[in-house]
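The structure appears right after this line, and notes come after that.
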Amino acid sequence: MTHRIALIPGDGIGQEVTPIGVRCLEALGKRPGLDFAFTEFPYSCEYYAEHGAMMPEDGIEHLRPHDAILLGAVGYPGVPDHVSLWGLLLPIRREFQQYVNLRPVRLLRGLTSALRNRGPEDINYLVVRENNEGEYSEIGGRLYDGLPEAMAVQATVITRKGSERILDYAFRLAQSRSRKRLAYATKSNGIKHTMPFWDEQVAAMAPNWPDVQVDGYHVDILAANFVTHPDWFDVVVGTNLFGDILSDLGPATAGGIGVAPSANINPSPDMPSMFEPVHGSAPDIAGQDIANPIAMIWTVVMMLEDLGEQEAADDLMGALETVTGEGRVLTRDLGGQAGTREFADRVLAELRG
Ligand code: ATP
Ligand code: MG
């Protein structure tokens with residue numbers, strides 16, 4: 001089967017790690033029955049500098065016919081974050097209704113956690129963030145500007161449809177895992193309208209998933225437990241803002257920014273999902289062949305899983321973890337000396353067997 005992949009290398013180290021993702025896919029594409037067709041798009045801050053927009057007006061339409069989008073990173077000094085965000089990432093997430101932001105938090109073999117005395121057996125969970133609504137709404141505004149009474153009001157929008165679909169995804173995911181545990185983040189002791197509504201949706205759905213153990217936590221104590229008891233967690237779901245915070249905290253305990261993968265998923269087959277490392281374009285280390293490509297390789301594993309290529313995903317993850325487990329070839333952020341390409345070569349050699 002040929003999977004059509006849209007590539008957006010973007011800026012900075014995005015341009016260095018995306019070709020490594022492609023090399024992994026090309027190696028796997030040599031197998032019978034598995035193939036990839038790549039189309040590269042130059043959407044980036046460089047494109048913005050030239051054209052005044054991150055992508056052409058019909059950019060979204062060019063991406064639509066693909067089975068998945070693989071993004072490196074966008075961002076460049078001098079181009080404000082809101083330009084790359086509102087000009088590229090948010091339109092893609094919204095237009096293709098990628099309402100799931102999924103981030104695995106798992107300490108790979110051979111890597112050291114920022115948490116003392118915690119190993120791979122303690123840190124293995126998935127953070128599911130609602131990606132389309134919630135706290136990040138455009139509803140609100142300012143009153144009495146410049147006066148002592150000045151204030152700002154920001155509405156949170158949690159819809160039944162939006163919470164049902166993210167919770168359905170989270171329950172399904174928990175059901176598919178061996179521990180079958182679902183933790184959800186709330187704050188219904190302090191937030192009076194939206195959070196009790198969210199809790200009600202969880203309570204209404206839980207009986208449909210009798211095998212799944214559901215635990216509710218206020219987000220503050222949940223964050224603390226990511227640090228003190230990471231072993232309690234299996235699948236963790238949160239609204240947009242809470243999920244945002246938790247999905248940065250979790251990976252920080254499991255090897256950090258050079259390792260962390262993510263996916264923006266629309267589970268329906270009609271629209272492409274987008275896969276991207278958590279890290280940004282990291283201009284401080286760009287062009288030096290020192291960026292850690294693990295985040296990109298793991299991101300490609302997530303993409304393969306989403307495309308239904310579980311065996312290829314397992315083989316690539318296996319090759320990656322063999323190399324981290326040996327601990328001989330690692331990039332500088334993990335205490336090694338290897339370059340980006342050297343590390344990737346080692347993984348590819350392992351993959352080819
Ligand atoms: P952007 O503006 O695109 O978000 P950034 O400078 O914020 O870029 P981040 O990706 O958020 O970059 O990373 C912050 C720092 O972490 C970088 O400056 C870099 O030193 C380090 N870093 C990020 N990604 C990697 C990586 N893949 N390998 C090694 N170090 C990394
Ligand atoms: Mg950044």
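What follows is calculated from the coordinates using simple rules that are stated; it is not laboratory data. Note that the structure is a prediction, hence the values are computed from the model and not measured. Backbone-built Cβ (ideal geometry, glycine too); neighbour counts: all protein chains shown.
Based on other C-beta atoms within 10 Å, arrange Val212, Val259, Val157 from fewest to most.
Starting with the residue having the fewest Cβ neighbours, the order is Val157, Val212, Val259.
Give a quick list of chymotrypsin sites (Phe, Trp or Tyr not before Pro) in segment 1-105 that DSSP marks as loop, anything other than H, G, I, E or B, with at most 10 other Cβ atoms within 10 Å. Walk me through the numbers on the way to the answer.
Values: sites: Phe36, Phe38, Tyr43, Tyr47, Tyr48, Trp86, Phe96, Tyr99; in loops: Tyr43, Phe96, Tyr99.
Listed in order of number, the matching sites amount to none.
Counting other beta carbons within 10 Å of each Cβ, put Ile257, Ile297 in order, fewest first.
Ile257, Ile297
Assigning unit charges at the beta carbon (Lys, Arg +1; Asp, Glu -1) and nothing else, what dipole magnitude in debye, to the nearest 20, does the chain show about its Cα centre?
On the way: 29 positive and 48 negative charges, 170 e Å.
Dipole size: approximately 820 debye.
What shape does segment 241-353 take by its C-alpha gyration tensor, where a ≥ b ≥ c are the square roots of the eigenvalues and a/c under 1.5 counts as rounded, a/b above b/c as prolate, and the rest as oblate?
oblate
Compute the separation of the alpha-carbon centres of segment 59-73 and segment 186-230 and state it in Å as a whole number.
33
Cα centroids of segment 132-185 and segment 4-42: how far apart, whole angstrom?
Rounded to whole Å, the Cα centres lie 33 Å apart.
Run the numbers for Asn117 and Tyr144: contour at 0.36 nm per residue of separation, minus the present Cα-Cα distance, in nm.
4.5 nm
Say the dipole of the chain comes from +1 at the beta carbon of Lys and Arg and -1 at that of Asp and Glu; which of Ala152, Gly258, Gly141 then lies farthest toward its positive end?
Gly258
Can you classify segment 113-254 as rounded, prolate or oblate using the Cα gyration tensor, where a ≥ b ≥ c are the square roots of its eigenvalues, rounded means a/c under 1.5, and otherwise it's prolate if a/b beats b/c and oblate if not?
In terms of gyration-tensor shape, oblate.
As a footprinting exposure proxy, order Leu348, Leu63 by other Cβ within 10 Å, with the fewest listed first.
Leu348, Leu63
Just name one of Met296, Ala203, Gly87: the one whose Cα is farthest towards the positive end of the charge dipole of the chain (beta-carbon charges, Lys/Arg +1, Asp/Glu -1).
Highest projection toward the positive end goes to Ala203.
Counting trypsin sites (Lys or Arg not before Pro) as exposed when in a DSSP loop with at most 12 other beta carbons within 10 Å, what is the longest stretch of the chain free of them? Mind showing how you got there, number by number?
Numbers: sites that count: Lys30, Arg116, Lys192, Arg328.
Formally, the longest exposed-site-free interval is 193-327.
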